[in-house]
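To keep things clear, I will list the structure first and then write my remarks on it.
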Amino acid sequence: MKSLLSLSTLLSLYLFSFFFYAVTGCPPPGSSLMLRDGTIIGEHAEWLRGENGTRLTRDEIDKRSMHVISGKAGFGRLWEGNTAIYCFAGSVSNDDRTILRRDLTAAWELWTTAGIDARIINFREATVEECEGPRNTYIQIVVPKKDSLSSSLGNTGTSRMTLSTNPDMAMGDRVGNYAHEIGHVFGLMHEHQRPEMWSTAYGGTADHNSFIWNCANLADYAEVLGNADEETKTRRCQTRDGAAGGLMDSKSLSATNWLPVPASNVVVAGDFDMTSIMIYATEAGGYALGGGLRAPVYTLANGDLLHYNHAPSAGDIAAINDLYPAPAPDPQPCMLYDACSPFRTAYEHIKGCVNCQQQQGNHC
Ligand SMILES: [Zn+2]
């Protein structure tokens, strides 16, 4: 293992992990990267572009994102007609429906304002009739009892959005949070899980990690790995499969939301996009330090913090447009007189009248 934090450091960090909350939480304002034991992580590390080890400046960062390959590796398929529609589960209260309708609409407006053409790609509430349709035609929205935010990637056949209405979650911005979840609904994945940002030891494709990864600061680390031996802690913090757990592991570790997705299962375009709405802030998912602060879970390799972006980037828009291109114009358009035309009867009637007028005058 080539970790930037030694296991003993991880263990000492774990000892401070007395509090753990849901996976996502309120980002602390301006928290420092000095850990409780005085360690400053990433102080002298360099920013690396994982794929070839070259340095990458902010100016060089292109704006693209990562998305699923339709139906691959358990991911969902693309939405029919480029449109994702949602229905509320029966358990969602009227008050929550009011909040969700308003803020999901506002969240979708963030996407259209940023460049999605709603005439080509759409996200909206389903009609009553549509909600009575087959389950694989809509997303079901549920509001969890314990705060959490998650969404199916694409149309899985039983797609679901789990949406807390607590405004203090994750970004501390409900509309921004929902816009991130809408990205998942259409098939976008977390930008920080791009395989070329992580070394092969972590399941990525690079020589070096482009992040400093502090798994022991995850909010659920103590709960899931508190009694585990060091080998297990390493294994479960190091790859996405390990974090997900197998037969031997009782619980999934939230590290699945940071560690890289296998390159063969996703489409990755352009370079890492710091401005993507699909990226986690440094403190997201960290255990609570008290006073609204959370422990840093990861940073860039040079120690720079990662921040939440509250609106989709140009790269996010490019990724969705890539997934859902405008349908090609029909090479054989339906003419008024064709059998496919809903106006054919009227057309035939008028044509009949014209013929009639020509032959018999105005007595048709
Ligand atoms: Zn997410």
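The values are calculated or read from the model by the stated rules, or taken from the named source; none is laboratory data. Remember, it's a predicted structure, so these values are computed and weren't measured experimentally. Glycine gets a Cβ as well: all are built from the backbone with ideal geometry, and neighbour counts include every protein chain shown.
Results, tabulated for the structure shown:
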| item | result |
| --- | --- |
| Residue in the range 170-182 that is nearest to Ala107 (Cα to Cα), counting only those that are modelled with pLDDT under 90 and surrounded by fewer than 21 Cβ atoms within 10 Å (Cβ to Cβ) | Asp173 |
| Residue check, Met197 under 24 Å from Val297 (Cα atoms) and out of contact with any Gly (no Cβ under 8 Å at 6 or more places or on another chain) | no |
| Residue count for the range 200-223, restricted to those that are buried (at least 22 other Cβ atoms within 10 Å of the Cβ) and either hydroxyl-bearing (Ser, Thr, Tyr) or touching a Lys or Arg at 6+ places or on another chain (Cβ under 7 Å) (or both) | 3 |
| Selection count where residues are outside any strand (DSSP E or B) and away from the ligand (no atom under 15 Å from the Cβ), scope the range 257-281 | 10 |
| Criterion violated by Gly157 - all others in (1) surrounded by fewer than 24 Cβ atoms within 10 Å (Cβ to Cβ); (2) within 12 Å of the ligand (Cβ to nearest atom); (3) within 22 Å of Tyr86 (Cα to Cα) satisfied | (2) |
| Residue satisfying all of: in the range 287-314; under 21 Å from Leu259 (Cβ atoms) and small (Gly, Ala, Ser); surrounded by the most Cβ atoms within 10 Å (Cβ to Cβ) among these | Ala295 |
| Qualifying residue in the range 334-342 (condition: aliphatic (A, V, I, L, M) and closer than 20 Å to Gly115 by Cβ) | no |
